[in-house]
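Structure record follows, encoded as structure tokens.
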Amino acid sequence: MPEEKDFYKGIIDNLYDGVYFVDRQRLITYWNKGAERITGYCSDQVVGRSCGDNMLNHVTEGGSQLCNDGCPLAACMLDGQPREADVFLHHADGHRVPVLVRAAALRDADGNILGAVETFSNDTGLTSIRTELRELRHSAHTDPLTGAANRLYMEQRLHGAIAELQQQAQAGSALLFIDIDRFKSFNDRYGHEIGDKALRVVSATLRHNTRETDVVARWGGDEFVVLLHDVASLEALRALADKLRMLVECSRLDLETGSLTITVSVGGTLILPHDDPESVVRRADVLMYRNKPGGNQVHLG
């Protein structure tokens, strides 16, 4: 009955998780309000399009693009088995958002597969992140353009991390210095408004894909600094740095003339007991510049 369908649609529409349906051709037939909130894409923009169009551009932690190869929806329509995966979807604003994806086949009364449903939930601990950001804003420690912490706040957190390290006498924190590749020419070609959007994309990707205990700050211009806790080796640091570099590269900035890819150069180092904030930032900065002019690389030391 129409009333019953409207009743269930109202329930699904108001779920916190994102939910969408596809038919056997992978055309999107339904897109709930949770999906709109998490992705930034409204229903009118996606219904009728194929999920294989790479709009959400699901990327694994290893950099594989699932929309082209390994789509959970396509797989579950083939064998009827549900799928689950941790992926990073592309937000309408350009940055990457980590989500837990679940896909299942949709069947008719006789058990024939008619399509599939995918649900996805934000997997970032955003409640804690939003709380921290509100505290930063109240104490004037947030960069107003990017939403990242500002340089003053990062310097304070670095002092605290070094003091803890000196008391414990063991390595446990690290620093990444991140610079957007060819940002000046990018700014000159597309204008400062697009340049500002690029800064926000990089900032959001870094903030959404680091842990609650980590700190992402805009150091100045197109430079970001990331303070990472509980990192005891260069191998562990490389895994984190490569992940962030890859996620920025897989993000995109959608313009009327097409999509722009942003890449970053990353320098990283473990924080040592004899360091001060200036010395550790300088060391990471020098390491970052070893990636120039090619860019899109990580250099640790």
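The values are calculated or read from the model by the stated rules, or taken from the named source; none is laboratory data. Keep in mind it's a predicted model, so treat the numbers as computed, not measured. Positions of Cβ are generated from backbone atoms using ideal geometry, with glycine treated the same way; all protein chains shown enter the neighbour counts. For the accessible areas, the whole protein counts, side chains as well, though only heavy atoms, and no ligand, DNA or RNA atoms are used. Shrake-Rupley method; radii C 1.70, N 1.55, O 1.52, S 1.80 Å.
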Original post:
Within the group 15, 73, which residue is open to solvent by 20 Å² or more (accessible area, probe 1.4 Å) and at pLDDT below 90?
Top reply: 15
**OP:** Check the range 45-55 and report whether any residue there is free of Cβ contacts under 8 Å to residues at least 24 places away in the same chain, surrounded by 20 or more Cβ atoms within 10 Å (Cβ to Cβ) and more than 22 Å from residue 80 (Cβ to Cβ).
**Re:** no
**OP:** Could you identify the single residue in 268, 191 that is without any contact (Cβ under 8 Å) to a residue 40 or more places away in the chain and either buried (at least 17 other Cβ atoms within 10 Å of the Cβ) or farther than 19 Å from residue 158 by Cβ (or both)?
**Re:** 191
**OP:** Being at pLDDT below 95 and over 13 Å from residue 300 (Cα atoms) is the filter here, so list the residues in the range 232-248 that pass it.
**Re:** 232
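This table checks each residue for (1) in a helix (DSSP H, G or I); (2) without any contact (Cβ under 8 Å) to a residue 40 or more places away in the chain; (3) out of contact with any strand residue (DSSP E or B) (no Cβ under 7 Å at 6 or more places or on another chain); (4) of a type in the set (S, T, N, Q).
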site	(1), (2), (3), (4)
201	yes, no, no, no
205	yes, no, no, yes
213	no, yes, no, yes
275	no, no, yes, no
280	yes, no, no, no
**OP:** Give the number of residues within the range 28-37 that are open to solvent by 10 Å² or more (accessible area, probe 1.4 Å) and in contact (Cβ under 8 Å) with a residue 24 or more places away in the chain.
**Re:** 1
**OP:** Name, by its number, the condition in (1) part of a helix (DSSP H, G or I); (2) open to solvent by 30 Å² or more (accessible area, probe 1.4 Å) that does not hold for residue 254.
**Re:** (1)
Original post:
Quick one: residue 49 ticks every box in (1) modelled with pLDDT of 85 or more; (2) over 27 Å from residue 200 (Cβ atoms) bar one, so which box is it?
Top reply: (2)
